[in-house]
1. Amide H neighbours of Ser98 under 5 Å, counting only residues 5+ apart in sequence or on other chains, H built in-plane at 1.01 Å?
2. Rank-order 123-134, 75-86 by packing density, defined as the average count of other C-beta atoms within 10 Å over each peptide's residues, highest first.
3. When the chain is fully extended, how far beyond the present Cα-Cα distance does Ile81 get from Arg53, taking 0.36 nm per residue of separation?
4. Please build a GNM for the chain, connecting alpha carbons under 10 Å apart, and tell me which residue among Leu41, Leu67, Leu92 fluctuates the most.
5. Who wins for biggest fluctuation among Pro122, Pro46, Pro33 in a Gaussian network model of the chain, springs between alpha carbons below 10 Å?
6. Which percent of the accessible area of segment 27-152 is formed by carbon and sulfur heavy atoms (probe 1.4 angstrom)?
7. Under the 0.36 nm per residue contour assumption, what length would be gained going from the current alpha-carbon distance of Met125 and Thr45 to full extension?
8. Given the DSSP H assignment, sum -39500 (n - 2.57) over each helix run of at least 4 residues in the chain and divide by its residue total; what's the result at 222 nm in deg cm²/dmol, nearest 500?
Amino acid sequence: MASRRNASRKIDAPVERVFKAVTDVNEFHKAAPHITHVEVLEGTTPGVGYKFRETRSMNGRESTTDLKITEYKDNEYARFITDQGGAVWDTLYTVSSSDAGTELSLEMECRPHKFMAKMMTPLIMGMVGKAMETDMDAIKDYCEGRKITDAS
């Protein structure tokens, strides 16, 4: 059974800036202080096939994930997929113009395919939801030019 989480933010910044902050691993690394290391594995610019490895600090532990962009429309949406821990994690970022600048939306779906992942997903989704909210706040602060501090 799949589990989903959603988050959104109104960001006082142009669509192009917000989109780059979520799709360019180096920009995302600057935006999110809990991302401790990034490495591009395939591709040179964000788009379908762009693959990267990110290491993030969560609850005092480091976790490394390989992600790949599987769908991409410049300044509109990007889908990131990873298969980790017995589950497929499917993350879709969308951006659109709004009165306040940009509306950034994030939808994450977890599709467990191994027994332990099926058992653990309900427990993990709370932590994942908190991390999503932290990421969205960091992107908003970064794009609006506010000072970023590590809250982990």
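1. Here Glu103 satisfy the definition.
2. Details: 123-134: 14.4, 75-86: 16.7.
For the peptides 123-134, 75-86, the packing ranking is 75-86, 123-134.
3. Values: separation 28, 0.36 × 28 = 10.08 nm, distance 1.18 nm.
Gain on stretching Ile81 to Arg53: 8.9 nm.
4. Among Leu41, Leu67, Leu92, the largest mean-square fluctuation in the Gaussian network model of the chain belongs to Leu41.
5. For the chain, modelled as a Gaussian network with Cα springs under 10 Å, the answer is Pro122.
6. Numbers: 3500 of 6790 Å².
With neighbouring chains kept in place, the figure for segment 27-152 is 52 percent.
7. On the way: separation 80, 0.36 × 80 = 28.80 nm, distance 3.03 nm.
Stretched fully, the Met125-Thr45 segment lengthens by 25.8 nm.
8. Numbers: 3 runs with 45 residues, N = 152.
Dividing the helical sum by the residues of the chain leaves -9500 deg cm²/dmol.
The values are calculated or read from the model by the stated rules, or taken from the named source; none is laboratory data. Remember, it's a predicted structure, so these values are computed and weren't measured experimentally. Quick reminder, even Gly has a Cβ in these numbers, built from the backbone with ideal geometry, and neighbours come from all protein chains shown. Protein only, heavy atoms only, side chains kept; ligands, DNA and RNA dropped before computing areas. Shrake-Rupley method; radii C 1.70, N 1.55, O 1.52, S 1.80 Å.
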